[in-house]
1. Can you work out the Karplus-derived ³J(HN,Hα) for every residue in region A:181-195? Use 6.51 cos²θ - 1.76 cosθ + 1.60 with θ = phi - 60°, whole Hz, and x for glycine or proline.
2. Amide H neighbours of residue B:30 under 5 Å, counting only residues 5+ apart in sequence or on other chains, H built in-plane at 1.01 Å?
3. Using just the helices of chain A, give the 222 nm mean residue ellipticity in deg cm²/dmol: DSSP H runs with n ≥ 4 each add -39,500 (n - 2.57), and the total is spread over all residues, rounded to 500.
4. In whole Hz and in residue order, list the ³J(HN,Hα) couplings for region B:7-24 that follow from phi through the Karplus curve 6.51 cos²θ - 1.76 cosθ + 1.60, θ = phi - 60°; x for Gly and Pro.
5. I'd like the mean, over residues of B:110-118, of how many other protein chain beta carbons sit within 10 Å of each residue's own Cβ.
6. Could you work out the relative contact order of chain B? I mean the mean sequence separation of Cα pairs under 8 Å and 6+ apart, divided by the number of residues, in percent.
7. Got a sec? What order do B:262, B:177 fall in by accessible area at 1.4 Å, biggest, i.e. largest, first?
8. Distance from the Cα centre of region A:20-60 to that of region B:74-127, in angstrom?
Amino acid sequence: MNATEQWNAFMTIVRKEIRRYLRIWTQTLLPSAITMSLYFVIFGTLIGSRIGEMGGFSYMQFVVPGLIMMAIVTNSYSNVVSSFFGSKFNHSVEELLVSPVPNYIILMGYVLGGVTRGLFVAVVVTLVSLFFTDLHIHSYLVVVTIVLMTATLFALAGFINAVFANSFDDISIVPTFVLTPLIYLGGVFYSMDLLPDFWAAVSRLNPLVYVVNAFRYGMLGVSDVSLPVAFGMISLFTALAFGYSMYLLNTGKRLRQ
Amino acid sequence: MIPALRIENLRKVYADGFEALKGISLEVQQGDFFALLGPNGAGKSTTIGIICSLVAKTAGRVSVFDVDIDEDFPAAKKYIGIVPQEFNFNQFEKGYDVVVNQAGYYGLPPALARERAEKYLKALGIWDKRNVQSRMLSGGMKRRLMIARALVHEPKLLILDEPTAGVDIEMRRSMWEFLQEINAEGTTIILTTHYLEEAEALCRNIAIINEGGIVENTTIRDLLRQLHREVFILDCAEQVSEDTVIDGFPTRRLDPHTLEVEVEKGQHINQVFAALDRGGIHITSMRNRANRLEEMFVNLVEGKA
């Protein structure tokens, strides 16, 4: 396929993905808006008012970046895992496999689909947050970069999960038992300074720590980890996830007989 | 002229050790309407799966219009349109979107994709249903949707795996006509089917595959010529006795007005009519007991031919 044909194929996948989550917006977009509103009310307003300041900001201001990032992580991940597994389940993935579209275009198409959903929900959650607190942006460049990198990383992770999944149970196990604990332990609701040294060191193995703190730096200008380290770790995880996804597609594991 | 499809010593051993293909070789010429027949599990779908990249081959070579799939599979794929046995589209998408998306996967620009989708959905008589979720379509409409999808990039080789399974007679006939039209326009067609009547009506050449090997590869006409015996059912105006005998022709009474007569190769059925006429029996109608090709097929796969 020449470059134009590849672009047409890529945009076809992206359009299909966007149409899919917009068609079922009550399952894909609305839940995050409602869940995050509840977080803002309960953790930010009710409990947060008793906690006081954290990292030099009100508790509500402190948790908003983490909650926006939480929405981006869960939505970019779940969009790709459910869509790609669904296409495996109903065999429509064969439409792509029999066509001449290169594997990296397939991967990038699904990933961009997940990224757009992550961004869509991020905007919705940010708008909801304005009802509870003012919006601070310390560095637009960091905010935009980290949002795109995070959404890409977790969309890739969702793709890997989808390739290995054999049932719908398999696509909920990782989000429930891996992703959610990582998010909650990733510094969304607290500063690393509150942890004992040992657990603070253990937390640094959690990619969500870098994601949440880098984003918090972009919004508030404070972070528990150094920004270059955060970008470096996210880039490393993304490169590994992309490489492994391409390996799965090129070898046809779980996709071809 | 280069063949549309050339398969050489193709082998497939699945992970569980089952050898689905034992080194088959096959050639399908451009413009042909070719039948690939075989019982369930014979290796037909594995062969098709390898040609369109859903199954990885163990050994052998496959080339499509002289493009080796090991050297440039994307280029080979552009020549192929595939209509699989099972419905493999997202049933929550509209039929129109299913076809337009497939065009996009082959790199067609959106405007051309929409134009082609309209052309083929109309040609297959499902344009009116284009905005219906595809799960709401009837079985026959879903089959035609898959044919439209396979044709949207206008492939030179169309492969259909049991395309008329579960389709009513009227719709099957209209699909036959459509396939004959596109074959006449130059598209090479390979068809697997359980309806042997379908192969006899549509195809010029045939390969019979059994237990992973090709047991016959010839023209339909030559294959039928190999038949040694045909069995005819004769409906009689008068009642026939249970012990009716026609010299030289094994005969059996099925009911008081129906006879079954075996005619060997080289014998003339006129002799049967003459013998019955002499006995005052008049024939009102006559038909084959079974499809002739079906009989031949059974003989071949059972090793009797």
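The values are calculated or read from the model by the stated rules, or taken from the named source; none is laboratory data. Here the structure is a predicted model, which is why all the values come from computation and not from measurement. Here the Cβ positions follow ideal geometry from the backbone for every residue, glycine too, while neighbour counts run over all protein chains shown. The area values use the complete protein model at the heavy-atom level, side chains included, leaving out ligands, DNA and RNA. Shrake-Rupley method; radii C 1.70, N 1.55, O 1.52, S 1.80 Å.
1. For region A:181-195, the Karplus-derived couplings read x, 5, 5, 5, 8, x, x, 5, 9, 8, 8, 4, 4, 6, 7 Hz, x marking Gly and Pro.
2. The list, which skips near neighbours in sequence, is B:4.
3. Details: 13 runs with 183 residues, N = 257.
Counting only the DSSP helices, I get -23000 deg cm²/dmol.
4. 10, 10, 6, 6, 10, 9, 10, 6, 4, 7, x, 6, 8, 7, 10, 10, x, 8
5. Working: counts 4, 0, 1, 2, 0, 0, 0, 0, 0.
Across B:110-118, the average partner-chain Cβ count within 10 Å equals 1.
6. Values: 564 pairs, mean separation 58.3, N = 305.
Computed over chain B, the figure is 19 percent.
7. On the way: B:262 50, B:177 110 Å².
Largest accessible area first, the list is B:177, B:262.
8. The distance from the Cα centre of region A:20-60 to that of region B:74-127 comes to 42 Å.
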